[in-house]
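Every number in this text was worked out from the coordinates using simple rules, so none of it is lab data. Here the structure is a predicted model, which means the values were calculated and not measured. Positions of Cβ are backbone-derived with ideal geometry, glycine not excepted, and every protein chain shown enters the neighbour counts.
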Amino acid sequence: MERRQLLKAAIGSAAGLALGAPFLRAQAPAETVKLADDLFIIKVPGEANVIAQTDAEGALLVDGGSAAGSDALLKAVGALPNGSKVHTLFNTHWHPEQTGSNERLAKTGTTIIAHENTRLWLGQNVTWPWDGKKVMKLPKAAQPTKTFYDKGTLPSGIRYGWIADAAHTDGDLYVFFPKQNVLAVGDAAYGQGWPVVDWWTGGWIGGIVGGLQRLQTVADKDTKIIPARGPALTLDDLRTQVDMYGTIYDRLNQMMNRGRGPSEAVEAKPTKEFDAKMGNGDVFVRRCAESLWAYLSPDA
Ligand SMILES: [Zn+2]
């Protein structure tokens, strides 16, 4: 009996190894969601959303996923009509989840468009104080080739602009496709869960509220708003989010004005009535409170 059990366990683990290894190595394929005949969301499992628009010249991408997901992403883009040549890439902000295809696409002559602040962050090493994670700068050849400060329009009519409020970083941009009425917003609005507030590179809770208000002026009631994370949003969703983040911002502001620090802010549970829908808000609140310290104390 004992021996049989032992044998069974041994066979089980051997089979597990034999079967498990290839599954671990294989990358799940990307899913392509059609928004219009020439506009798609490419979803590589575990990666941020990427938008691909195709025309006679090739493909335009809004964000390029992480370096690890780049193969799967570009394979899916290559399967689109005229998708084998990516002529334009937008970086909605500098984070590695968005800029991981810069290096290889730059080599193929892709024009990389970003806000000037994004280019500046990509040109230096960044260490986040909350987790000590260090992100290395991109080589010069992988940095954005066309930067702007305020807004711009491509010959195709696609419009883009700076979300100056700094919802997520100080270089956030949106890209608006007027023909399809689709608005790409990167991490300036989240489709699910509490957002990351990267105050180290400029984001703050007041910017989340301001950014959502600004995006409302670009969208109308029929606009499909595509965030980097989660499902599509509508104008109504943005309004609901403004109310929620506005409430949290007011609460945190009052606490900061009374001299309360980030840990006290977390204890006060300023997100309590939203947590059932959004998930535990502790990390978000701590980051928001830190963002207020960073924003309101110029010497900090
Ligand atoms: Zn981000």
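Between GLN53, SER84, SER70, the Cα set farthest toward the positive side of the dipole of segment 21-142 (charges on each charged residue's Cβ, about the Cα centre) is that of SER70.
If you wrap the tightest convex hull around every Cα atom of segment 187-266 and split its volume per residue, you get 94 Å³. Over segment 39-107, Cα pairs under 8 Å with separation of 6+ residues give a relative contact order of 33 percent.
Give the relative contact order (percent, whole number) for segment 181-300; include only Cα pairs under 8 Å separated by 6+ residues.
Details: 155 pairs, mean separation 37.3, N = 120.
Averaging sequence separation for qualifying contacts and normalising by length gives 31 percent for segment 181-300.
Put simply, the convex hull of the Cα atoms in segment 24-85 casts, on average, a shadow of 3.9 nm². When all alpha carbon pairs of segment 75-138 are counted in 10 Å bins from zero, the resulting P(r) reads 19, 47, 24, 9, 0 %.
Please give the per residue volume of the convex hull enclosing the alpha carbon atoms of the chain, rounded to a whole number of Å³. Display every interim value, and only then the final one.
On the way: hull volume 53.9 nm³, N = 300.
Cα-based convex hull of the chain, divided per residue, equals 180 Å³.
Extending 7 Å from the Cα toward the beta-carbon at both ARG104 and LYS269 defines two label points whose distance is 4.7 nm.
By how many nm would the segment from THR247 to GLU31 grow when fully extended, if each residue of separation counts as 0.36 nm and the alpha-carbon distance is taken off? Walk me through the numbers before you get to the answer.
Details: separation 216, 0.36 × 216 = 77.76 nm, distance 3.63 nm.
Extending this stretch completely gives an extra 74.1 nm.
So what's the gap between the Cα centers of segment 175-213 and segment 62-119, to the nearest angstrom? What the calculation gives is 19 Å, centre to centre.
Take 180-192, 45-57 and order them by the average number of nearby Cβ atoms within 10 Å per residue, most first; the result is 180-192, 45-57.
With 23 Å as the limit, write out which pairs from LYS107/LYS146; LYS134/LYS272; LYS75/LYS107; LYS34/LYS179; LYS85/LYS146; LYS107/LYS133 have Cα-Cα distances beyond it, or answer none. The pairs that break the limit, which is 23 Å between Cα atoms, are LYS134/LYS272; LYS107/LYS133.
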